[in-house]
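Below is one structure; the comments refer to it alone.
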Amino acid sequence: MANFLRLLGRRLAALPLMILGVTLLVFVVLQFAPGDRAVAALGEGASQQALEQYREANGLNDPLFIQYFNYLGKLLTGDFGTTLPPAKPITEVIASAFPVTLQLTFLGVLIAVVISLIFGVLAALYRDTWVDQVIRIFSVAAIATPSFWLGILLIQWFALGDNSWFPSGGLADPDEGFVGWLQSMTLPAIALAIPVSASLIRVVRTSMVEELDRDYVRTAIGNGVPYTTVVSKNVLRNALVTPVTVLGLRIGYLLGGAVVIEMIFSLPGMGQQILNGITNVDTNLVQGVVLVIAVTFVIVNILVDLLYLLINPRIRTV
């Protein structure tokens, strides 16, 4: 318990610094983005006087460090600003888009974990056989497949033509219930999960093989403990320590990949909002969306670190 609390304290103490670094990085990068926010807000036909008045009223003429600290001050009060006209609070935009991205990421993680566990365990139990070789070929091919290209293929195979099984894009209406939601999320989640599951398969296989070769496995089997019991109750749990850590790192990829997949499947998530913000030179919207995604990634990694501590008894007793 002491190790658990110590790790939690360190992670929480580092969280504000990480968030500060993210806000600074995003702010600086967007300052070099092409386009003029005043022109984007007032239109190409606005007079020079109107443009200058807009820049002055919104602090765009202030030095960069003043603009940054003003932005930080608003963040501390929960004010992410407003979008360009027609003005809308960015918190409302994020509140409607973020759940879609979370749902897609969660379903993608679930599919990736199921695929990696099944194939990784099979590859380890049947190592150096044709089963292992087939799974290895699948892993290499899946790792080399970009998720956006896979998404396009899935649309062509399963969402177009007379025998389409899934919608080609868009989020199901709430009236369609869970089945409609699942149909609209299945193809995007598969496109997101396959490349991640491929890398996790190799990690699960390697961890399983290392555990299967340990002395306690041979001792347990020699004492008459059924092989399936040893694998399910001892080997599998010990072998999951490394994959859980790797999965935490892959969640960042899943969040970033979800942004791209949402555009391909026309899902109204954070990816669509980032695209709108970049297209319209809406720096407030881009900053708010990227900040929320980055903070989510940091929090998820903290939770993964804590889960790693819980499932690894050797660390808990150090």
Sulfur and carbon atoms: percent of accessible area, the chain [1.4 Å]: 67 percent
Over the chain, relative contact order from alpha-carbon pairs under 8 Å, at least 6 apart, %: 27 percent
For residue 184, net neighbour charge (Lys/Arg +1, Asp/Glu -1) across residues whose Cβ lies under 12 Å away: -3
Amide proton proximity set for residue 82, modelled H, under 5 Å, gap of 5+: 90
Principal axis box of the chain, alpha-carbon based, largest edge first, Å: 87, 59, 35
Residue-normalised accessible area of the chain, given per residue in Å² at a 1.4 Å probe: 54 Å²
Residue 92-residue 179 pseudo-label distance in nm [points 7 Å out on the Cα-to-Cβ vector]: 3.5 nm
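Going by a ≥ b ≥ c, the root eigenvalues of the Cα gyration tensor, does region 47-121 fall in the rounded group (a/c under 1.5), the prolate group (a/b larger than b/c) or the oblate group? Please list the in-between numbers first.
Details: a/c = 3.58, a/b = 2.86, b/c = 1.25.
Prolate is the answer for region 47-121, as a/c is 1.5 or above and a/b outweighs b/c.
Excluding residue 112 itself, what net charge comes from residues whose Cβ is under 14 Å from its Cβ, given Lys and Arg +1 and Asp and Glu -1? It would help to have the intermediate numbers written out before the result.
Details: positive: 202, 250; negative: none.
Once all neighbours under 14 Å are counted, the net charge is +2.
Can you give the FRET efficiency for residue 148 and residue 213, using 1/(1 + (r/R0)^6), R0 = 35 Å, r = Cβ-Cβ distance, to the nearest 0.05?
0.35
For region 228-318, what is Rg from Cα atoms divided by 2.2 N^0.38 Å, rounded to two decimals? Let's see the in-between values first.
Details: Rg = 18.4 Å, N = 91, 2.2 N^0.38 = 12.2 Å.
Taking the Cα Rg and dividing by 2.2 N^0.38 Å, one obtains 1.51.
The values are calculated or read from the model by the stated rules, or taken from the named source; none is laboratory data. Model, not experiment: these values are computed from the prediction. A quick note on method: Cβ atoms are made from the backbone with ideal geometry, for glycine too, and the neighbour counts reach across all protein chains shown. Side chains included, ligands, DNA and RNA excluded: accessible areas come from the protein's heavy atoms. Shrake-Rupley method; radii C 1.70, N 1.55, O 1.52, S 1.80 Å.
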